[in-house]
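**Q** Below is one structure. I have some questions about it.
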Amino acid sequence: MSGNVLTSQSTRAGDYQESAIVNGHPSWINTNHAIWFVDDFDEWAVGGIEYLGTNFRSLAAESQGGSVCPFDIDSTNWYFWNGEWTSAGASEISVTCS
C-alpha cells in the first residue's frame, strides 16, 4: 500500500495465509484481517477478520465475478473507504501471492 490508501487503511497491509472457502470462494487471513469474496456486491473485499464473509469491508475490487483472484486485480480496480469509497491510484494497492 502507498499514498492515500496507506494513509486510510495501513492496518490492512501485511501477509495473509490462505484459509477456508467463504461464500464459495477462497479466503485469506492474518491475525486481524481477511480477504474474501462478497457475493452481494460481486467484489473481493479486505476487512477486519471479525467481518469475514459479510458485506462489511474496508477495501474492495468491484465486478470481478469471483473468477479473478484478488492478487490478479490491478491496483486501479480497487477502492478503499476513507469516509467514502475512493478509487485507488496506480500502484497504491498490491495483492501478491507467495
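Read the figures in this text as sums done on the coordinates, not as results from a lab. Given the structure is predicted, the values throughout are model-derived calculations rather than measurements. Neighbour counts are summed over all protein chains in view; Cβ atoms, including those assigned to glycine, are modelled from backbone coordinates with ideal geometry.
**Q** Need one number: nm distance between label points at SER91 and ASN32, each 7 Å from Cα along Cα→Cβ, rounded to one decimal.
**A** 2.7 nm
**Q** Given 0.36 nm per residue, what is the gain on full extension from ASN82 to THR54 after removing their alpha carbon distance, in nm? Working shown, then result.
**A** On the way: separation 28, 0.36 × 28 = 10.08 nm, distance 1.92 nm.
Roughly 8.2 nm would be gained on extension.
**Q** Excluding PHE41 itself, what net charge comes from residues whose Cβ is under 11 Å from its Cβ, given Lys and Arg +1 and Asp and Glu -1?
**A** Numbers: positive: ARG57; negative: ASP39, ASP40, ASP42, GLU43, GLU62.
So the environment of PHE41 carries a net charge of -4.
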